[in-house]
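Enquirer: Please read through the structure below; I'll follow up with questions.
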Amino acid sequence: MTASVTFKVEGMSCTGCSGKLQKALEAVPGVTAAEVTLEPAQAVIQYDEANVSPSALKDTVEDVGFDVVG
């Protein structure tokens, strides 16, 4: 079943940052789509609940070097 989660992300300062995070999220097995924007600073992720959890996606954001807030 497909679900969606939106994370507010701190620490991105340029399109290189958002692109790096988007590429990392898209590489996670189970992620069907990811859109990372600077304004607002967020990541909107579509994923298959059977393959990946929101906590694993949050860990991916943090592993790339950014913080999830809120």
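The values are calculated or read from the model by the stated rules, or taken from the named source; none is laboratory data. This structure is a prediction, so every number in the text was calculated from the model and none was measured. Don't worry about glycine lacking a Cβ; one is built from the backbone with ideal geometry, like all the others, and counts go over all protein chains shown. Each accessible area value is taken on the protein alone, full model and side chains, heavy atoms only, with ligands, DNA and RNA left out. Shrake-Rupley method; radii C 1.70, N 1.55, O 1.52, S 1.80 Å.
Enquirer: I'd like the Karplus ³J(HN,Hα) series for the range 32-49: coefficients 6.51, -1.76, 1.60, θ = phi - 60°, whole numbers in Hz, and an x wherever there's a Gly or Pro.
Expert: For the range 32-49, the Karplus-derived couplings read 9, 6, 9, 10, 10, 10, 7, 9, x, 6, 7, 10, 10, 10, 9, 8, 8, 4 Hz, x marking Gly and Pro.
Enquirer: When ligands, DNA and RNA are left out and all protein chains stay put, how many square angstrom of accessible area per residue does the range 2-70 have with a 1.4 Å probe?
Expert: Solvent-accessible surface per residue comes out at 56 Å².
Enquirer: For the Cα atoms of the chain, what angle does the longest principal axis make with the long axis of helix 15-26, in degrees from 0 to 90, nearest 10?
Expert: 10 degrees
Enquirer: Related question: Only loop residues by DSSP count here, and only those with at most 10 other Cβ atoms within 10 Å; note down the GluC sites (Glu not before Pro) in the chain that meet that.
Expert: Passing both the DSSP loop test and the Cβ count: no residue.
Enquirer: A further question on this structure: Rounded to the nearest 20 Debye, what is the dipole magnitude of the chain about its Cα centre when Lys and Arg each give +1 and Asp and Glu each give -1 at the C-beta?
Expert: 100 debye
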